[in-house]
Structures are given as C-alpha cells and as structure tokens.
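Undergrad: Dropping a structure here in structure tokens format, bear with me for questions.
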Amino acid sequence: MQKKQHLTVTLTGIAAIGVFVALLCSAPVPAQTEPSAAVFTSDGRLKVPTGFRRWVFVGAPLTPNGLNNGKANFPEYHNVYIQAQNVDAYLKTGEFPEGTVIVKELTRLLNPTFPDGSRFEPSGHGFFNGEFNGIDATVKDSKRFAKTNGWGFFTFGHHPEPYAATAAESPAETCAGCHAANVAKTDMTWVQFYPLLHERTGQLSWDTPQSR
Amino acid sequence: MGIRWTVLIAAAAAIIAVAVSQPGASAGPVFTKDGSLVLPSGFRKWIFMGGPITPNALNNGKAPFPEFHDVYIELENFRYYQKYGKFPEGTVLVKELALTQPGKYPDGSVDSASGRGYFPSALHGIDVMVKDSKRFGNTNDWGFFTFGHHALPYDSTAKLMPAGQCAFCHIAGVAKTDMVWVQYYPLLRAQLQ
C-alpha cells in the first residue's frame, strides 16, 4: 500500500514535469517578453542583433546608387525592423521604450538594366530587391547615449554577408547629427517613412488593416 | 486504480497543455460560404520577404501595382520552403501596397537626408495568393485575390480573380518556382537569422 502510494506520487511528479516542459517548449512568441535586443560587450560595443528578420517590418526607403552619383550613403534598399512590443509602445505613447533596437538591413538592387538601377519585370518598370548588403542599428538607452538624444548608432558594415559581429558606437557627426537635425521631435526616428507608425491606423490592432 | 487514473489524467493534461499553447499555429486562409477569401489578419507581424517598387512615374502614371509591394509570409511556411523548395498547402502570401512620397523629379523620386530615392507614404491596398490544390487545381494550385488598390479601409472579403487577371502571368513567369517570384525575395535565397 505504501509502495503503491509512493509510485503514485512519483508518477504524478513525472507527469507534472512533463506538462511543465510541454508548456515551456511551446511558449508563445518569446519576443513579447524580451526586455531588450541590445547586447553590449564589456567595452561597450554592440553585438550584431539576431532574429530581426522575424521582427515587424515597418518600411523600406530606397536610395539607388544610380540616383546618387553611383554611391548612395545607404546602398540601396533600407529594410527597417522593430520588435512588436516597441511598435505597440510607440503607437500608444509617441515614443519608443528604453532598450528599443531598430535595425536597418540594406539590400542592393536586382540586376539593373537602366542607369537609375531599375529594370522591366512583368509587374512593371521599377526596382527589385537584390542581395543583402549590410546592417545599421540604433539603440535607445538614455544613460549610455544621453549626449545624442538617448539613442546610440552603430554600423555592422555596408557589404554582403557576413556582417561584423560587433560594432563600436558611431561618432555623433556620422549618424546622430542628421537624426537630431531632422527627426528629434519623433524620437530620432524617420516615422514619416514608415506607414505603420505615421498613419497610426487601427492603433489597437495595427497588425491587421482596417476593412469594411 | 489510483495509479492508472493518475497516469491517464496526467497524460491528458500534457496533451491539452501542448495543444493549447501551440505557438504560431497558422490559422491558414479563411473562406466564406460562397468561396470568397476573408482579409487575412495579423500579417504585418509575419515575415517580410521583400518589397519591389514600381513607381507610377515610371509606368505612364499608372502602375498595375502602385507602388511599393511589401510581401509577407508566415514563419512556418517560410521554413517549409527553405526545406522543400515549395510551399505547403494552406500557404497565404500577402502583398500590401504603399504609395511613394510625392516625387520631385520626373521619375517620381525625391531628395531626402539619406539620398535621392523613393520613400513609403500611405498604405494602398492588398493582394493575396492562397495555395489550395483542391480549390485552385486549374491554376497550378494557387488562387489569387485582391482587396482593392486604394487607401484604407480595404474590402473585408474578396472573390477569386479570373485566371486571366493574375494566375496567367504567374504561370508564364514563375510556374517552376511554385508560382512565386522568389527571385525578388532575398530571404528565399538566404538563411533566416
């Protein structure tokens, strides 16, 4: 009898662990609970962000080399990603939370046939994504980057993969200066280029468009 | 008896726990009774694959798809493509359009702090394709839908487009890559980080 009870307790314990493990393995969207995607080395360098291609895409300016004397500052597509909880916070408060990371991944243009970098495809005359071509990242940390409106700017190279594993903060005049001059009022971010942020449509469920 | 019941209950609890907390389970496409497609929800949190741009100014003022084409896919369908080179049944691809900022030059481009180019402004419509070999066997297993090319709000449901409107061009251009223009999407040529 005692042995049987002991076995019952053991089996219940194993089952409880099983349930716990099952819950852990299938925990939904860990990004929602991560405090910040910014990881710094001991000497203050930012580690290249990971997993950002699964973040929320907010928009993609395009500055073709062909329209910028052959040498765009950011060649050429700028695909911009932000974690969902930071989009939520921005739409609610008009500013990004501490620890927000914004990643801009560049891609070149696909096989240009015109001087501007465009080509003809069945969908029309225009521009198409070529290969990945580098990463810039900004991190909001009001203590670390107090001198540049609370944001630090980093580049992991403007070239095909692999990118640099870590990056030192870019000098204020290289990146922060331009952001401070133009978009200080919108938390140093060019929200006018990101429809999800500037249209503020369907704020309660921005992941789904309004329909009628 | 105590042991058996304990084991049974624990096993049932474990199964329920897994079922309830299944992450990223695809809802897949939702159809109305008459076969219209319901506007997909939540797709702006899906994986962004790429964004061709066909400016109106480079297309006689009237691009067929004005102007940014931002294309989204669910993570599990992207993973499946990486593994098998084709998309699974029930895959939904969403293309959301956005206009460019007003142009300064004849080609529709404008100067900005980051350079001369094209910059997104207002969202401008949605097209969707759904893989379902039974429903859409006549058009290489994919059905094509449009919820309008205009500002928000979009239509809440859409009827299947005639084959001559969308499918024919995909068949002519990309039948070999499961009806998808994978050549425009760097992610489908690279590894997801």
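Throughout, read-outs are computed from the coordinates displayed, never taken from laboratory work. It should be emphasised that the depicted structure is a prediction, and the values quoted were computed from it without experimental measurement. Here the Cβ is made from the backbone with ideal geometry for all residues, glycine too, and neighbour counts use every protein chain on show.
Undergrad: For the range A:110-212, what is the Kirkwood hydrodynamic radius in Å, using each pair of distinct C-alpha atoms?
TA: The Cα-based Kirkwood calculation yields 16.9 Å.
Undergrad: Using only alpha carbon positions, build the gyration tensor of the range B:101-193, then give the equivalent ellipsoid semi-axes as the square roots of 5 times its eigenvalues, largest first, whole angstrom.
TA: 31, 19, 13
Undergrad: If one computes the Cα centroid of the range A:138-184 and of the range B:84-116, what distance in Å separates the two points?
TA: 25 Å
Undergrad: For the range B:150-193, just the Cα set please: Rg and Dmax, both in angstrom.
TA: Rg and Dmax of the range B:150-193, Cα atoms, are 14.6, 38 Å.
Undergrad: Through the Karplus equation 6.51 cos²θ - 1.76 cosθ + 1.60, θ set to phi - 60°, convert the phi angles of the range A:161-176 into ³J(HN,Hα) values in whole Hz; use x for Gly and Pro.
TA: 3J(HN,Hα) across the range A:161-176, in whole Hz: 4, x, 8, 5, 6, 9, 9, 7, 4, 6, x, 3, 6, 6, 10, 4.
Undergrad: Hey, what's the per residue convex hull volume over the C-alpha atoms of the range B:55-149, in cubic angstrom?
TA: About 131 Å³ per residue, rounded to a whole number.
Undergrad: Hey, another quick one. Using a ≥ b ≥ c from the Cα gyration tensor of the range A:25-161 (square roots of the eigenvalues), is it rounded, prolate or oblate, where a/c under 1.5 gives rounded and otherwise the larger of a/b and b/c decides, a/b for prolate?
TA: Here the range A:25-161 falls in the prolate category.
Undergrad: Need the full-extension length gain, B:K33 to B:K83, defined as separation in residues times 0.36 nm minus the C-alpha distance. One decimal, nm.
TA: Stretched out fully, the B:K33 to B:K83 stretch lengthens by 14.6 nm.
Undergrad: While we're on this one: What is the extension gain from A:H159 to A:C178, computed as 0.36 nm multiplied by their sequence separation minus the C-alpha to C-alpha distance, in nm to one decimal?
TA: Full extension of this stretch gives 4.6 nm more.
Undergrad: For B:R135 and A:S142, what is the calculated FRET efficiency with R₀ set at 45 Å and r taken between the beta-carbons, to the nearest 0.05? Provide the component values of the computation, followed by the final result.
TA: Numbers: r = 53 Å, r/R0 = 1.18.
Working from the Cβ atoms, E equals 0.25.
Undergrad: Treat each spin label as a single point 7 Å out from the Cα along the C-beta direction, and report the A:T50 to B:T177 distance in nm.
TA: Between A:T50 and B:T177, the label points sit 2.9 nm apart.
Undergrad: Let me ask something else. Going through the range A:126-212, which GluC sites (Glu not before Pro) have at most 13 other Cβ atoms within 10 Å and a DSSP loop state?
TA: On the way: sites: A:E131, A:E169, A:E173, A:E199; in loops: A:E169, A:E173, A:E199.
In loop regions of the range A:126-212 (DSSP not H, G, I, E or B), the sparsely surrounded GluC sites (Glu not before Pro) are A:E173.
Undergrad: I want to verify the translational diffusion coefficient of the range A:73-151 in µm²/s; compute it with Stokes-Einstein, Rh as the Kirkwood radius over Cα pairs, at 37 °C and 0.692 mPa s.
TA: Details: Rh = 14.8 Å.
Using the Kirkwood radius from Cα pairs, D works out to 222 µm²/s.
Undergrad: Please list, ordered by chain and number, the residues whose modelled amide H lies under 5 Å from the amide H of B:A63; skip anything fewer than 5 residues away on the same chain.
TA: Close amide H contacts, sequence-distant or interchain: B:N56.
Undergrad: For a label point 7 Å from the Cα of A:A168 along Cα→C-beta, name the residues of the range A:114-151 whose backbone N is under 12 Å from it.
TA: Answer for the range A:114-151: none.
Undergrad: Which ³J(HN,Hα) values, rounded to whole Hz and listed in residue order, are derived for the range B:152-165 from phi using the Karplus coefficients 6.51, -1.76 and 1.60 in 6.51 cos²θ - 1.76 cosθ + 1.60 with θ = phi - 60°, glycine and proline given as x?
TA: Coupling constants for the range B:152-165: 4, x, 8, 5, 8, 9, 9, 7, 4, 6, x, 3, x, 8 Hz.
Undergrad: Here is a follow-up. What list of ³J(HN,Hα) couplings, whole Hz, do you get for the range A:116-125 from phi and the Karplus terms 6.51, -1.76, 1.60, once you set θ to phi - 60° and write x for glycine and proline?
TA: 7, x, 7, 7, 8, 9, x, 7, x, 8
Undergrad: Two decimals is fine: what's Rg over Rh for the range B:30-189, C-alpha atoms, Kirkwood radius as Rh?
TA: Rg divided by Rh gives 0.98.
Undergrad: Hey, what did the range B:30-189 get for relative contact order, percent, Cα under 8 Å, at least 6 apart?
TA: Here the relative contact order equals 21 percent.
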